[in-house]
Amino acid sequence: MNGWAWAALALFTGWAVTAFGIRAVLQARRTGDAGFRGISGRPGTASWWAGIAFVLALFGGAAAPIAALAGMPPIPGTDPAWLRWAGLAVAVVGVAATLVAQSAMGPSWRVGVDAAERTDLVTQGLFAHLRNPVFTAMAVTAVGLALMVPNAVAVLALIALVVAVQLQVRIVEEPYLAAVHGALYADYAARAGRFLPGVGRRTA
């Protein structure tokens with residue numbers, strides 16, 4: 001089990017450093033702006049809780065394998081080795097998809113939303129099929145990591161991420177994009193699914 005915990009920790013660390021650290025450095029070099037906008041909304045609002053849940057999910061992603069190394073047992077019934085291998089495959093796909101989706105965003109890549117800011121609406125690449133491929137890829141990564149180290153911390157981290165993504169997209173980002181891009185976003189949202197192709201398309 002320790003081998004899988006170390007593998008999950010290494011994979012999570014590499015993903016986090018690449019998707020946030022290296023991505024921010026590249027963004028700053030290309031545009032002069034690292035792209036971080038922080039947690040949206042006043043404390044206690046849904047948008048604020050979305051940011052808090054994201055932070056908890058990220059900490060949980062690292063804490064799960066650390067907890068396994070410290071002796072936390074896996075959830076009963078998650079012993080088969082094939083489950084760990086499946087988790088590794090899913091996590092690797094999620095990491096790769098995260099980087100591909102971020103790259104497609106180009107200079108519009110942001111962590112958080114500034115309501116006073118206007119960025120281009122990205123509709124190419126993975127965004128042609130779903131409106132939030134970065135979040136979908138992050139969730140896939142989290143599922144894979146949870147299968148590699150299936151303990152209670154991993155499950156809580158996955159739940160926190162799902163809650164964060166749902167709040168961020170529905171409460172913060174979709175109203176912002178609709179206000180900034182108007183009919184252009186309405187047309188795009190009618191074509192592309194929210195998190196999966198064809199699922200969650202918005203209609204008038």
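Just give me the residues in region 61-92 being among the hydroxyl-bearing types (Ser, Thr, Tyr) and over 11 Å from Ala146 (Cα atoms), in sequence order.
none
Has region 144-157 got at least one residue that is surrounded by 20 or more Cβ atoms within 10 Å (Cβ to Cβ), under 27 Å from Arg42 (Cβ atoms), under 13 Å from the mean Cα position of the chain (by Cα) and touching a residue at least 40 places away in the same chain (Cβ under 8 Å)?
Among the residues of region 144-157, at least one is surrounded by 20 or more Cβ atoms within 10 Å (Cβ to Cβ), under 27 Å from Arg42 (Cβ atoms), under 13 Å from the mean Cα position of the chain (by Cα) and touching a residue at least 40 places away in the same chain (Cβ under 8 Å), which makes the answer yes.
Run down Pro73, Pro43 and say which single residue is under 30 Å from Ile171 (Cα atoms) and surrounded by fewer than 18 Cβ atoms within 10 Å (Cβ to Cβ).
Matching residue, one of Pro73, Pro43: Pro43.
Read through the list (1) surrounded by 15 or more Cβ atoms within 10 Å (Cβ to Cβ); (2) more than 18 Å from Gly144 (Cβ to Cβ); (3) in contact with a Ser or Thr (Cβ under 9 Å, 6 or more places away or on another chain), then give the number of the only condition that Phe127 fails.
With respect to (1) surrounded by 15 or more Cβ atoms within 10 Å (Cβ to Cβ); (2) more than 18 Å from Gly144 (Cβ to Cβ); (3) in contact with a Ser or Thr (Cβ under 9 Å, 6 or more places away or on another chain), Phe127 is out only on (3).
Tell me which of these Ala34 doesn't satisfy, since it passes every other one: (1) in a helix (DSSP H, G or I); (2) without any contact (Cβ under 8 Å) to a residue 24 or more places away in the chain.
Single failed check for Ala34: (1).
Select from region 11-40 the residues that are of a type in the set (Gly, Ala, Ser) and within 24 Å of Ile52 (Cα to Cα) and list them in ascending order.
Those that are of a type in the set (Gly, Ala, Ser) and within 24 Å of Ile52 (Cα to Cα): Gly14, Ala16, Ala19, Gly21, Ala24, Ala34, Gly35, Gly38, Ser40.
Suppose we filter Ala189, Ala152, Ala137 for residues that are at pLDDT 95 or above, out of contact with any strand residue (DSSP E or B) (no Cβ under 6 Å at 6 or more places or on another chain) and closer than 18 Å to Ala16 by Cα; which single one remains?
Result of the check over Ala189, Ala152, Ala137: Ala137.
Can you tell me how many residues in region 89-103 are buried (at least 18 other Cβ atoms within 10 Å of the Cβ) and either of a type outside the set (Ser, Thr, Tyr) or more than 16 Å from the chain's Cα centre (by Cα) (or both)?
Residues meeting the conditions: 7.
Determine whether Ala164 is buried (at least 21 other Cβ atoms within 10 Å of the Cβ), out of contact with any strand residue (DSSP E or B) (no Cβ under 7 Å at 6 or more places or on another chain), closer than 27 Å to Arg42 by Cβ and of a type outside the set (Val, Ile, Thr).
yes
The values are calculated or read from the model by the stated rules, or taken from the named source; none is laboratory data. Please read these numbers as outputs of a predicted model, since none were measured by experiment. Reconstructed Cβ throughout: ideal geometry from the backbone, glycine too, with neighbour counts over all protein chains shown.
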